[in-house]
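In what follows, a single structure is set out as structure tokens and then discussed.
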Amino acid sequence: MIHPVAGYARRQQLRFLFAPMILALDFETANGDAGSICSVGIASLGGGGEIEREEILIRPHDSCSRFSCFNVMIHGIRPDMVRNAPEWSDIWPRIAGRFAGNVVAAHNAAFDIGAFRRVMELYELPLPEFPYFCTCKLARRLWPGLENHRLNTLCDYLGFRFEHHQAGEDAAAAAFIVRRMLEATGAADWRELLEKLRINPGLVSPRGCVGCRVVPKGKSR
């Protein structure tokens with residue numbers, strides 16, 4: 001028997017098969033709470049391979065606004081830098097339209113999708129619907145011989161220079177990786193790319209969320 005959420009997710013995935021644009025998403029957080037986002041990066045990969053990026057500093061939700069020394073060391077964002085920044089509830093109405101009908105890519109997508117879901121919950125905002133996939137999972141399938149599949153390792157391998165742990169830069173790096181994957185596999189679009197690498201897309205939805213997953217050998221997608 002197919003789980004109702006999984007069945008719904010599959011039907012919704014079919015609606016998005018030919019999304020016109022790929023959005024690469026990256027969050028930086030203030031501390032260990034996934035919803036404590038202090039920066040978001042969005043990079044769009046158009047049909048011609050062009051990449052456009054945006055980075056927005058965000059003041060974390062009051063319930064998780066403490067900045068840990070570890071996180072600051074990673075991304076360099078300090079409390080004073082976001083003191084007068086907008087909160088997620090101010091940002092979301094401006095960027096929500098970009099997710100409609102498009103597919104989201106993220107490197108280690110479990111983190112970024114988890115942060116997205118958590119911050120939407122904190123502000124009691126309804127989840128939109130969009131399919132997504134993890135560039136790290138795809139890279140492990142496409143380039144298995146690499147030492148590891150971290151974002152910086154992949155970009156070194158592919159010849160893309162960026163400033164790691166800056167949300168806009170990381171999002172652009174993920175978009176670039178997708179572009180190179182499409183080129184390397186000869187896939188016409190993101191759906192064919194996932195089919196070639198035997199990855200099932202995830203789905204974010206108000207009705208429930210399904211994770212992006214690798215299809216084991218011998219099993220049907």
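The values are calculated or read from the model by the stated rules, or taken from the named source; none is laboratory data. Note that the structure is predicted; figures quoted are calculated from it, not measured. Counting neighbours? That spans all protein chains shown, and the Cβs are built from the backbone with ideal geometry, glycine included. Each accessible area value is taken on the protein alone, full model and side chains, heavy atoms only, with ligands, DNA and RNA left out. Shrake-Rupley method; radii C 1.70, N 1.55, O 1.52, S 1.80 Å.
Would you mind finding the one in ARG117, ARG53 that is in contact with a Cys (Cβ under 9 Å, 6 or more places away or on another chain) and open to solvent by 50 Å² or more (accessible area, probe 1.4 Å)? First the steps, then the outcome.
Details: ARG53 fails: in contact with a Cys (Cβ under 9 Å, 6 or more places away or on another chain).
None of the others qualify; the one that does is ARG117.
For segment 155-192, which positions are open to solvent by less than 30 Å² (accessible area, probe 1.4 Å), free of Cβ contacts under 8 Å to residues at least 40 places away in the same chain and within 24 Å of ILE77 (Cβ to Cβ)?
Listed by number, the list holds a single entry, CYS155.
LEU125 - would you say it is open to solvent by less than 60 Å² (accessible area, probe 1.4 Å), assigned to a helix (DSSP H, G or I) and hydrophobic (A, V, I, L, M, F, W, C)? Step through it out loud before you land on a result.
Values: open to solvent by less than 60 Å² (accessible area, probe 1.4 Å): yes; assigned to a helix (DSSP H, G or I): no; hydrophobic (A, V, I, L, M, F, W, C): yes.
Here the answer is no, as LEU125 does not meet what is asked.
Suppose the filter is open to solvent by 40 Å² or more (accessible area, probe 1.4 Å), within 22 Å of GLY46 (Cα to Cα) and touching a strand residue (DSSP E or B) at 6+ places or on another chain (Cβ under 7 Å); does ASN102 pass it? Working first, answer last.
Numbers: open to solvent by 40 Å² or more (accessible area, probe 1.4 Å): no; within 22 Å of GLY46 (Cα to Cα): yes; touching a strand residue (DSSP E or B) at 6+ places or on another chain (Cβ under 7 Å): yes.
Here the answer is no, as ASN102 does not meet what is asked.
Identify all residues within segment 77-99 that are assigned to a helix (DSSP H, G or I), touching a helix residue (DSSP H, G or I) at 6+ places or on another chain (Cβ under 9 Å) and open to solvent by 50 Å² or more (accessible area, probe 1.4 Å); write none if there are none.
PRO79
Going by what's in this entry, would ASN108 be described as under 15 Å from the mean Cα position of the chain (by Cα), closer than 25 Å to VAL210 by Cβ, polar (S, T, N, Q) and open to solvent by 30 Å² or more (accessible area, probe 1.4 Å)? Even if it seems obvious, please write down each step before you answer.
Values: under 15 Å from the mean Cα position of the chain (by Cα): yes; closer than 25 Å to VAL210 by Cβ: yes; polar (S, T, N, Q): yes; open to solvent by 30 Å² or more (accessible area, probe 1.4 Å): yes.
Answer is yes for this residue.
Restricting to segment 193-209, give me the number of residues that are open to solvent by 60 Å² or more (accessible area, probe 1.4 Å) and in contact (Cβ under 8 Å) with a residue 24 or more places away in the chain. Show your work before the answer.
Initially, segment 193-209 is screened for residues open to solvent by 60 Å² or more (accessible area, probe 1.4 Å), giving 195-196, 198, 206-207.
Now drop any that are not in contact (Cβ under 8 Å) with a residue 24 or more places away in the chain, which leaves 195, 198, 206-207.
Adding up the residues that qualify gives 4.
When you scan segment 20-50, how many residues do you find that are within 30 Å of ASP80 (Cβ to Cβ) and outside any strand (DSSP E or B)?
Adding up the residues that qualify gives 7.
What pairs come up if the first residue lies in segment 109-136 and is under 19 Å from PRO60 (Cβ atoms), the second is open to solvent by less than 40 Å² (accessible area, probe 1.4 Å) and assigned to a helix (DSSP H, G or I), and their beta carbons are under 7 Å apart, counting only those six or more places apart or on different chains?
Listed pairs, sorted by first residue: VAL119/TRP88; TYR123/TRP88; LEU125/TRP92.
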